[in-house]
Amino acid sequence: MAERRRRRRAGQKCRTGCVTALVMIAILGAGAAYGIPWVIDKFGGQVRETFNETVENAVNTLQPSGADFPDLTVAADDVADHFYYQQLTEEEQTVYRELLQGVNDMEECILVHAGKGERPEKAYEYLLYDCPELFWCIGSSQMTMYDTYTEFYPEYSCSLEERETRQNEIDAAVTDCMAGIDASAGEYDRIRYVFEYLVNTVDYDENAPDNQNIYSALVGTSSVCAGYSRAAQYLLDHMGIECIYVVGTAQGQEAHAWNIVNCGGNYYQMDVTFGDPVFMAAESGDDLPESIIYYDYLCCTDEEIAADHVQSDEVPYPSCVSDDLNYYRMNGMYYDSYDSQILLGAMNDSIYKKEELFVCKFPDRETYAQARNEMIDGLFPRAARTLASTYGLERVSYTYVEDETHNKIMVFWNYNAG
């Protein structure tokens, strides 16, 4: 029997007649790993204490006119709509624009108006959160700080020539993606399309090259949460939809990244990484469908995402309180109360249509618990008899997944059992 690896979220249980609970594989996010020490050397370690003396000597001998700043051509209007840019002071915004100009030109040393005791690395961190297109910036840097300015040395993942080649590959990938969506599609349809596109085309791989940027996701088609989230941000930006890169933690992880999207003037949480579960193969060899997508993480509320996410409190993210785009409610899979006849009828209908998956989501833990017990003990066997009689099967097989975190149950019908 071929072994197949599948990821799954915490709080979910998968059962068949002889299937035990699936093993959870935690996704370790690297999305928030852009904090930079005050001073680091070119090898990434801390500079020795003697460096402080060197800096002081430089400060004592270097006059303010010794720093020859280039003209700043990145205007405030060019970046005024960037979310993280808006969180900075006016002085920090100047540093942000100086850094953007420098990395666009792939300067080895960027002079910025931030002196000793200030934090130019904060502006750089925020710049990379705002600009997924800066895929050649790996996030680490060196700094030499003086009283009134800093020499900032960003590290790049490729040469200028390699950057141009990779940009062409990214452009081709974006063109392929855009070919699958109607130009007249509404905002929600575009957001859902990008969510599904990345779930279906990107594999989660902690060892993927360049896994902190869009190149890994869009061209390499394997990445981690940072790559997923930046790719979503990049694609939606191309579609004219505001998409914010969010940092924080997720259940079982030290760091994680996801998104907040603006649809119709309301903000919604979205985590493409968590929408892409992979499961371990059951001992019986009955694999769950590869097409499964966890829509719990598409256009959800703050309350819903808080079940397994904690976003950073460093910046005031937009509130996400509207549940009008709940996927399950929009597609007839949401049940405000438990009614055995309604649920049995819905399951039978899914069998008559030969749908491989039936999903029912409930509003709270109490309703879910009631439904879970009665469905497992009563409704599933009754629906299985419908499956057998409808398709002339002597034996029937089905697999169900309990998702307590999201008050949801999924059933996978096997139409080939005999």
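Could you look through segment 216-226, keep only residues that are surrounded by 24 or more Cβ atoms within 10 Å (Cβ to Cβ) and in contact with a strand residue (DSSP E or B) (Cβ under 9 Å, 6 or more places away or on another chain), and pick out the one that is farthest from Met270 (Cα to Cα)? Break it down stepwise before answering.
Looking only at segment 216-226, we keep the residues that are surrounded by 24 or more Cβ atoms within 10 Å (Cβ to Cβ), and these are 216-218, 223-226.
Checking which are in contact with a strand residue (DSSP E or B) (Cβ under 9 Å, 6 or more places away or on another chain) leaves us with 216-217, 223-226.
On the way: Ser216: 20, Ala217: 17, Ser223: 17, Val224: 15, Cys225: 12, Ala226: 13 Å.
Filtering segment 216-226 for residues that are surrounded by 24 or more Cβ atoms within 10 Å (Cβ to Cβ) and in contact with a strand residue (DSSP E or B) (Cβ under 9 Å, 6 or more places away or on another chain), the one farthest from Met270 (Cα to Cα) comes out as Ser216.
Checked against (1) at pLDDT below 95; (2) over 21 Å from the mean Cα position of the chain (by Cα), Gly139 passes all but a single condition, namely (2).
Could you list all residues from segment 227-245 that are over 17 Å from Asp296 (Cα atoms) and in contact with a Gly (Cβ under 9 Å, 6 or more places away or on another chain)? Working first, answer last.
So in segment 227-245, the residues over 17 Å from Asp296 (Cα atoms) come out as 227, 230-231, 233-245.
Gly227, Arg230, Tyr245 - these are the residues of segment 227-245 that are over 17 Å from Asp296 (Cα atoms) and in contact with a Gly (Cβ under 9 Å, 6 or more places away or on another chain).
Check every one of the strands (runs of 3 or more DSSP E) wholly within segment 75-157 and list those with 3 or more residues that are surrounded by 17 or more Cβ atoms within 10 Å (Cβ to Cβ) and touching a residue at least 60 places away in the same chain (Cβ under 8 Å). Let's see the steps before the verdict.
Details: elements: 110-112, 137-145, 150-156.
It comes to 137-145.
Could you tell me whether any residue of segment 285-295 is closer than 18 Å to Asp323 by Cβ, of a type in the set (Ser, Thr, Tyr), modelled with pLDDT of 95 or more and crowded, with 24+ Cβ neighbours inside 10 Å? If you could, list the steps in order and put the result at the bottom.
Of all residues in segment 285-295, those closer than 18 Å to Asp323 by Cβ come to 294-295.
With of a type in the set (Ser, Thr, Tyr) added as a condition, the list becomes 294-295.
Restricting the remaining residues to those that are modelled with pLDDT of 95 or more gives 295.
Keeping just the survivors that are crowded, with 24+ Cβ neighbours inside 10 Å gives none.
No, segment 285-295 has no match at all.
Do we have any residue at all in segment 186-193 that's in contact (Cβ under 8 Å) with a residue 12 or more places away in the chain and aliphatic (A, V, I, L, M)? Checked against the condition, which is being in contact (Cβ under 8 Å) with a residue 12 or more places away in the chain and aliphatic (A, V, I, L, M), segment 186-193 yields at least one hit.
Take segment 176-201 and flag every residue that is more than 22 Å from Glu242 (Cβ to Cβ) and either of a type in the set (S, T, N, Q) or crowded, with 20+ Cβ neighbours inside 10 Å (or both). Passing the criteria: Asn200, Thr201.
The values are calculated or read from the model by the stated rules, or taken from the named source; none is laboratory data. Because the structure is predicted, anything quoted here is derived from the model rather than measured. Every residue, glycine as well, gets a Cβ built from its backbone with ideal geometry; the counts of neighbours run over all protein chains shown.
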